[in-house]
Amino acid sequence: MAARPMADDVIRSASNPLVHKLRSLKEKGDRELCLLEGPTLVEEALAAGIEVVEAALSSRFARTHRGRRLMGALSRARLLDERLISSLSEVETSQGVLALARRPRFEEQAFFPDEPLIVVAVGLQNPGNLGGLLRTAEAAGATGAYLAEGTADSFSWKALRGSMGSAFRLPHLRHAAAGEVLASLRARSIRIIATVSGSGGVRYETADLAKPAALFFGNEGSGLPEDIEAGADLRVSIPLLGPVESLNVGVAAGVILFEAARQRRRGDRLRK
């Protein structure tokens, strides 16, 4: 258990090495580390076995029961002046804790249990939407995700806030080209399903989503590339009423992924 810092150990200088690391990671990112903000995200990382390299807590938060418990769970934690920690926060009111954590590494083989359900994000540029997609995918029982061609960093601040821990648990990998992902999945006999807007595909509730499948989700504005749509085994869409042309990708993914989960549960019941 980490020793509790004394009041005179509070970091008050913006030139402190820890403050510099936190600010640098916030502004530039890092290939090995990610920046966590808020007690929930730090607790989720610890619960998932993620290595938290360093952490900074405000004196105010450190005096709370949750803060004391978190301080004890962290191997390297320092107290940071309230003004400094607020200056580093991405939200209007700081939650009182920031941490540097080592990015997890996932094995591709983990994507493929007996009945894989793979998510492929193509050009998903909005990090909040990506985080929400990963959270929805985990909740619906997806077994893994590929992040291809211009997709946001799943360990950026906004993506991590959107996924709220799912990025630490759901196996996922960055991949250069969606076409290569498609070819690799086809070699494994995984059915390729492209999600499309409007009436360009079969209604999602009539599609067979119970078998091993990979669901491809495209850019928030332009959708999937034409070659991916053309190379899919099936194209599915969500019927919309009125003048609405498309849904937020996280909402669309939720509708389709949970339909897949429903069909799989039904299939399990029928086999018993």
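Tally up the residues in segment 101-127 that are part of a strand (DSSP E or B) and either modelled with pLDDT under 95 or out of contact with any Asp or Glu (no Cβ under 7 Å at 6 or more places or on another chain) (or both), please.
Of the residues in that region, 5 qualify.
In segment 185-209, what residues are of a type in the set (S, T, N, Q) and either closer than 18 Å to residue 224 by Cα or assigned to a loop (DSSP other than H, G, I, E, B) (or both)?
Residues satisfying the conditions are 189, 195, 197, 199.
When you scan segment 175-183, do you find a residue that is touching a Ser or Thr at 6+ places or on another chain (Cβ under 9 Å) and either on the phi > 0 side of the Ramachandran plot or in a loop (DSSP other than H, G, I, E, B) (or both), even just one?
Checked against the condition, which is being touching a Ser or Thr at 6+ places or on another chain (Cβ under 9 Å) and either on the phi > 0 side of the Ramachandran plot or in a loop (DSSP other than H, G, I, E, B) (or both), segment 175-183 yields no hits at all.
Please go through (1) closer than 22 Å to residue 167 by Cβ; (2) surrounded by fewer than 17 Cβ atoms within 10 Å (Cβ to Cβ) for residue 42 and return the number of the only condition it doesn't satisfy.
(2)
Just name the residue that is nearest to residue 10 (Cα to Cα) out of those in segment 43-88 that are part of a helix (DSSP H, G or I) and of a type in the set (D, E, K, R).
Filtering first and then ranking leaves 82.
Out of the residues in segment 228-252 that are without any contact (Cβ under 8 Å) to a residue 12 or more places away in the chain and either outside any loop (DSSP other than H, G, I, E, B) or among the small types (Gly, Ala, Ser) (or both), state the one that is nearest to residue 130 (Cα to Cα).
Residue satisfying both the conditions and the ranking: 251.
Regarding segment 198-209, can at least one residue be identified that is over 20 Å from residue 136 (Cβ atoms) and either under 20 Å from the mean Cα position of the chain (by Cα) or outside the structural domain of residue 252 (by TED's automatic domain parsing) (or both)?
Looking for residues that are over 20 Å from residue 136 (Cβ atoms) and either under 20 Å from the mean Cα position of the chain (by Cα) or outside the structural domain of residue 252 (by TED's automatic domain parsing) (or both), one finds none in segment 198-209, hence no.
Check off (1) under 20 Å from residue 179 (Cα atoms); (2) of a type in the set (A, V, I, L, M); (3) in a loop (DSSP other than H, G, I, E, B) for residue 145 and give me the number that stays unchecked.
Residue 145 satisfies all of (1) under 20 Å from residue 179 (Cα atoms); (2) of a type in the set (A, V, I, L, M); (3) in a loop (DSSP other than H, G, I, E, B) except (3).
List pairs: first in segment 189-200 and under 23 Å from residue 113 (Cβ atoms) and β-branched (Val, Ile, Thr), second assigned to a strand (DSSP E or B) and at pLDDT below 95, Cβ under 9 Å, 6+ apart or cross-chain?
So the pair list comes out as 195/223; 195/237.
Output the number of the condition that residue 262 fails; it satisfies all remaining conditions of (1) surrounded by 12 or more Cβ atoms within 10 Å (Cβ to Cβ); (2) in contact (Cβ under 8 Å) with a residue 24 or more places away in the chain.
(2)
What single numbered condition from (1) closer than 17 Å to residue 133 by Cα; (2) surrounded by 14 or more Cβ atoms within 10 Å (Cβ to Cβ); (3) without any contact (Cβ under 8 Å) to a residue 40 or more places away in the chain fails to hold for residue 255?
Of the numbered conditions (1) closer than 17 Å to residue 133 by Cα; (2) surrounded by 14 or more Cβ atoms within 10 Å (Cβ to Cβ); (3) without any contact (Cβ under 8 Å) to a residue 40 or more places away in the chain, the odd one out for residue 255 is (3).
Give the number of residues within segment 119-173 that are within 12 Å of residue 250 (Cβ to Cβ), basic (Lys, Arg) and over 9 Å from the mean Cα position of the chain (by Cα).
The number of residues fulfilling the criteria is 0.
Mind listing whichever residues of segment 58-82 are polar (S, T, N, Q) and crowded, with 16+ Cβ neighbours inside 10 Å? I'd like the intermediate steps shown before the answer.
First, pick out the residues of segment 58-82 that are polar (S, T, N, Q): 58-59, 64, 75.
Within segment 58-82, 58, 59 qualify.
The values are calculated or read from the model by the stated rules, or taken from the named source; none is laboratory data. Source: prediction; values computed, not measured. Here the Cβ is made from the backbone with ideal geometry for all residues, glycine too, and neighbour counts use every protein chain on show.
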